[in-house]
Amino acid sequence: MDVLRIATAGSVDDGKSTLIGRLLFETNSITKDKLEALEKASQRKGIGFLDLSLLTDGLIAEREQGITIDVAHIYFNTPKRKFIIADTPGHVEYTRNMITGASKANVSLILIDARHGIVEQTYRHFLIASLLCVPTVVVCINKMDLVAFSEKIFNNIQADFENLATSVDGFKPQLIFIPISSLLGDNLTSLSLQTPWYTGHSLLHILEHIQAVEPVSKKESRLPIQYVIRPRNERFHDFRGYAGRLLSGRLAVGDPVTVLPSGRSTRINKLLQYTHELQEAVAGQSFTLTLEDDLDISRGDMLVKSDEVPKVISEFKSDVCWLHQQPLLTNKTYLLQHGTSRTKAKVTHIQYVVDPIFQRKIESRETLGMNDIARVILRTAKPLPIDPYRVNKANGSFILIDETTNQTVGVGLNAL
Amino acid sequence: MNEYLKEFPRELEDEAIYIIREAAAQFERPAILFSGGKDSITLVRLAQKAFYPGKIPFPLVHIDTGHNFEETILYRDWLVENVGADLIIGSVQDDINAGRVTEEQGKFASRNALQTVTLLRIIEEHKFDACLGGARRDEEKARAKERIFSVRNDFGQWDSKNQRPELFDFLNGRIQPGENVRVFPISNWTELDVWNYIREEELPLPSIYFAHERAVLERDGVLWPYADFVYKDSKEKLIPRQVRFRTVGDMSCTAALPSSASTIEEIIEEIIAATVSERGTRLDDKRSEAAMEQRKTNGYF
C-alpha cells in the first residue's frame, strides 16, 4: 500500500477545514465519539451546525481565535491508498508553515472561493508549490453552490489561474481544476448532478489515482551516512556497518562506490535490513551496508555510486525562505544542515527578494525578514556534495540553524 | 473484508528507523519511554532493527504508577530480557512517599497526572537529553500538532506556539543545557498501521490486548477493570464480562472493551469496523476538551 502526501492551503474562510472534514466523513474516517465531541464543541461555541474545523484546530489558541495557526496532520485510508494531509494555515504571517507542510507533499491542494476568484494568497500558494517542485497542484474552485454552479465563472477562474501559472518563472506543476462545494459535498467523493458540464473526476478519485511516488529511484544514488554500527560482541566482532536512508537512486551488492568528501572508493559487500539481506536497495529505504575495504567513514559523509559522483562545492546560489522573527543577516555565521552533515555557513550576498504578488524581484537588500523568499549566495566552511534542487529534491535542500538559539531559521533549495 | 486495509505501508518503517537513528546520532543520552503498550512495543522492535546486529544503544524507561496491569509487568520483564536492554523504573509511589505529589481522591482518582512529576525527575536524575516515545498524531488533536523532535524546556514544558518548523526530513535536535527533546518516530502511523505491523512482524503482546474474562465495574456506561486500589462504592457490583483492552495505560484510567477478539486478525477486523476512536476508552483524555494539550504543557509524554 502506498502513501500520498497532500498539502492543503487556502485563505481564511474559503472552506478548507470543511473540505477535509467532509473527506474524513465520507470515507468513514471519523468515529462516533469524535463526532459527538465535535457536536458538543460546536454547541459551546454557539453555532447551530457541525463546525468541522474544530477537528483539525487542535490547540486551545486556535479554537479561541477560530483560525489555524500550525500545521496539523490528518490521516485517512481508502481502498486505494493511505493519505497524509498536512493542513496548513492560510494567513500571510504563516507562510513558513505552508512551506513546512508542502515540503514533503506529492500534491498541493489550493482552494479558491468561486465568488472572489484569485486572491493574493493564491499567488503565494502557487509560488510555494512551484518553488518546492510539487509535481501536481489540484485547484479546487469552491463554494460553487453560491454562484449557481456557473460554468462561465469556473472557466474564468481557470483561465486566470493558468495565466498566473505561466507568469511564474520556474517549475511548472501539473494543474488539475475541479468545481466543488465543500459544504454540500459536490464533486468530492462522487460526481455532482449540478455540474454536468464538468468532464473530470471527483476529488477523491483524482487523489486516489495521482502518481504518489516520484521516480526518485531513477535519479543518481545519494546515501548520507547516519550512524556507524560496531557491535563489538563475539558473534559480530569485526562488523562495521554504515546505516542510512537512501535519498535517491539505487545501490546494489557489488556496486563500486565512492565516499565523499574523501573521494575514496570500494565496493558494497552486503545490504542489510535487520536480519534480511537485500540484493538491491532503492530510494526511501533505511538499511545498513558493509563495504569490502575498511575506509574511514563517519556520520555526515555521503556514499554514492562511483559513476554518479556529484560536484563537491562550497559556494552556491540558493532560494532561501526565512522562517524566523530574527532577520537573516548577511555575513553572520549559521549552521547549515544538509543530509546528515552540519557545517558553518554564511549568506554572502542577497541577489533579490521575490515579491510573490507582483512577480517582481526586489534588489539590494541586506537582511531577510520572516516569510521572505530570496535568491542568495552562500559560502560553507566544508564543501558539500549538493545537487541542484530541480534535479534532486532530497539532496538539493538544506536548513539553516542559528548557532546561539538553536532555532531552525531558514530553509534552502540549491539553485545551481 | 477490506483486505486492502491489512497491508502495512513499509515506508513508515523506513521513516521511523531514520528518526530513531537520528536520535541516537544527535543526542548523548537518549532513552526509550516504555509503557508496555503496543506502541512502545512497536518502538522497541524498530529500535532493534535500526541498530542490528548491534544492541539498542539506549535504556528503556518505565514510569511505574503502581497501578499497572500485572500482565504488562510480566511482559515488560520478558521483553527487557529478550532484547538485552537496560531497564530504568521511575516509581510514582516514591514521589508520593517523598511528598513531592499528592494522590487524587474519590471515584475518579487516577495517578495518570502524577506520572509527569516522576518522568521529569527521572529525566533529570539520568540526564537524558532525548526521550523516544510511541505517541502518534492520529491519536489526539493536540498530538496532531506536535513535531517529531519536540523540544521541552528546563521544566519539561511543551510550548505549542513556538515549535521549530520541520521541513523535508531534516531533524534539528540542537538544545541548550537543561532542555530535552521528545522524539516520536511513529508520529505518522495510525492505530491500524501499528496493528498491521504487529501482525506482519509477529510481535508478541501482553495478554490483556486479547479477549478474556474479567470482573469489571460498570459505571456511566464504561467498563472499569478492578483491583484493590480502584475505588468502588458499596452499591457497585463486580460483573464478569468478556473484554479486552484497546490501549494500555494505568488501570485507573483505561476502560475495558466488550470483545471476543482473541487473535490479531480478529482485532484488526474489530478496529476496521469500530465506531469509537482508540482514545475514546481513555478516561484521562475526557476530563476536558484540552486535557492532552494542558498535560503536555506541563511535561507529559
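The values are calculated or read from the model by the stated rules, or taken from the named source; none is laboratory data. Since the model is a prediction, treat every value here as computed from it, not as a measurement. As a convention, Cβ positions derive from the backbone with ideal geometry for all residues, glycine included, and neighbour counts pool all protein chains shown.
When the stretch B:92-109 is filtered for residues that are in a helix (DSSP H, G or I), among the aliphatic types (A, V, I, L, M) and over 16 Å from residue B:253 (Cβ atoms), only B:96 remains. Among the conditions (1) surrounded by fewer than 14 Cβ atoms within 10 Å (Cβ to Cβ); (2) within 20 Å of the chain's Cα centre (by Cα), residue A:256 misses just one, which is (2).
Is the stretch B:14-26 home to any residue that is in a helix (DSSP H, G or I), within 11 Å of another protein chain (Cβ to nearest Cβ) and without any contact (Cβ under 8 Å) to a residue 12 or more places away in the chain? Even if it seems obvious, please write down each step before you answer.
Restricting attention to the stretch B:14-26, the residues satisfying the condition of being in a helix (DSSP H, G or I) are B:14-26.
Now narrow it down to the ones that are within 11 Å of another protein chain (Cβ to nearest Cβ): B:14-26.
Checking which are without any contact (Cβ under 8 Å) to a residue 12 or more places away in the chain leaves us with B:14, B:25.
Within the stretch B:14-26 (the criterion being in a helix (DSSP H, G or I), within 11 Å of another protein chain (Cβ to nearest Cβ) and without any contact (Cβ under 8 Å) to a residue 12 or more places away in the chain), the answer is yes, since at least one residue qualifies.
Conditions (1) charged (D, E, K, R); (2) touching a strand residue (DSSP E or B) at 6+ places or on another chain (Cβ under 8 Å); (3) surrounded by 14 or more Cβ atoms within 10 Å (Cβ to Cβ), marked per residue:
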site: A:147; (1), (2), (3): no, no, yes
site: A:162; (1), (2), (3): yes, yes, no
site: A:169; (1), (2), (3): yes, no, no
site: A:172; (1), (2), (3): yes, no, no
site: A:176; (1), (2), (3): no, yes, yes
site: A:189; (1), (2), (3): no, no, yes
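Counting just the residues of the stretch A:275-296 that are crowded, with 19+ Cβ neighbours inside 10 Å and within 32 Å of the chain's Cα centre (by Cα), which one comes out farthest from residue A:224 (Cα to Cα)?
Within the stretch A:275-296, the subset crowded, with 19+ Cβ neighbours inside 10 Å is A:281, A:283, A:285-289, A:291.
Checking the rest, the ones that are also within 32 Å of the chain's Cα centre (by Cα) come to A:281, A:283, A:285-289.
Details: A:281: 14, A:283: 12, A:285: 12, A:286: 11, A:287: 12, A:288: 12, A:289: 12 Å.
If we take residues in the stretch A:275-296 being crowded, with 19+ Cβ neighbours inside 10 Å and within 32 Å of the chain's Cα centre (by Cα), then A:281 is farthest from residue A:224 (Cα to Cα).
Find the strands (runs of 3 or more DSSP E) located wholly in the stretch A:312-393 whose residues include 2 or more that are touching a helix residue (DSSP H, G or I) at 6+ places or on another chain (Cβ under 7 Å), and list them.
On the way: elements: A:313-322, A:333-338, A:341-355, A:360-362, A:373-384.
Hits in the stretch A:312-393: A:313-322.
Scanning the stretch B:58-76 for residues that are out of contact with any strand residue (DSSP E or B) (no Cβ under 8 Å at 6 or more places or on another chain) and farther than 14 Å from residue B:249 by Cβ yields a total of 3.
Yes/no per residue for (1) within 14 Å of chain A (Cβ to nearest Cβ); (2) touching a residue at least 24 places away in the same chain (Cβ under 8 Å); (3) not small (Gly, Ala, Ser):
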{"residue": "B:55", "(1), (2), (3)": "yes, yes, yes"}
{"residue": "B:61", "(1), (2), (3)": "no, yes, yes"}
{"residue": "B:65", "(1), (2), (3)": "no, yes, yes"}
{"residue": "B:71", "(1), (2), (3)": "no, yes, yes"}
{"residue": "B:77", "(1), (2), (3)": "no, no, yes"}
{"residue": "B:89", "(1), (2), (3)": "no, yes, yes"}
{"residue": "B:93", "(1), (2), (3)": "no, yes, yes"}
{"residue": "B:99", "(1), (2), (3)": "no, no, no"}
{"residue": "B:103", "(1), (2), (3)": "no, no, yes"}
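Considering the conditions (1) surrounded by fewer than 23 Cβ atoms within 10 Å (Cβ to Cβ); (2) more than 14 Å from chain A (Cβ to nearest Cβ), residue B:134 is excluded by exactly one of them, (1). Could you go through the stretch A:229-247 and let me know if any residue there is assigned to a loop (DSSP other than H, G, I, E, B), away from chain B (no Cβ under 14 Å) and out of contact with any helix residue (DSSP H, G or I) (no Cβ under 8 Å at 6 or more places or on another chain). No, the stretch A:229-247 has no match at all. So in the stretch A:386-410, with the set limited to residues that are among the hydroxyl-bearing types (Ser, Thr, Tyr) and buried (at least 22 other Cβ atoms within 10 Å of the Cβ), which one is farthest from residue A:323 (Cα to Cα)? The extreme case among them is A:389.
Matching residues to (1) modelled with pLDDT under 80; (2) touching a helix residue (DSSP H, G or I) at 6+ places or on another chain (Cβ under 6 Å):
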| site | (1), (2) |
| --- | --- |
| A:33 | yes, yes |
| A:42 | yes, no |
| A:67 | yes, no |
| A:83 | no, no |
| A:101 | no, no |
| A:111 | no, yes |
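The residues on offer are B:142, B:109, B:113, and the sole one that is among the small types (Gly, Ala, Ser), more than 26 Å from residue B:69 (Cα to Cα) and either within 14 Å of chain A (Cβ to nearest Cβ) or surrounded by fewer than 23 Cβ atoms within 10 Å (Cβ to Cβ) (or both) is B:142.
Those residues that are surrounded by fewer than 19 Cβ atoms within 10 Å (Cβ to Cβ) and either touching a residue at least 40 places away in the same chain (Cβ under 8 Å) or part of a helix (DSSP H, G or I) (or both), I need them from the stretch B:145-158; list them, please. Write out each step before concluding.
First, pick out the residues of the stretch B:145-158 that are surrounded by fewer than 19 Cβ atoms within 10 Å (Cβ to Cβ): B:153-155, B:157.
Listed by number, the residues that qualify are B:155, B:157.
Screening residue A:226 against (1) within 14 Å of chain B (Cβ to nearest Cβ); (2) buried (at least 18 other Cβ atoms within 10 Å of the Cβ); (3) out of contact with any Lys or Arg (no Cβ under 6 Å at 6 or more places or on another chain) leaves a single unmet condition, (3). Kindly state which strands (runs of 3 or more DSSP E) lie completely within the stretch B:162-237 and contain at least 2 residues that are without any contact (Cβ under 8 Å) to a residue 24 or more places away in the chain and within 14 Å of chain A (Cβ to nearest Cβ). In the stretch B:162-237, there are no strands (runs of 3 or more DSSP E) which contain 2 or more residues that are without any contact (Cβ under 8 Å) to a residue 24 or more places away in the chain and within 14 Å of chain A (Cβ to nearest Cβ). A residue that is surrounded by fewer than 16 Cβ atoms within 10 Å (Cβ to Cβ), among the acidic types (Asp, Glu) and modelled with pLDDT of 85 or more can be found somewhere in the stretch B:265-282.
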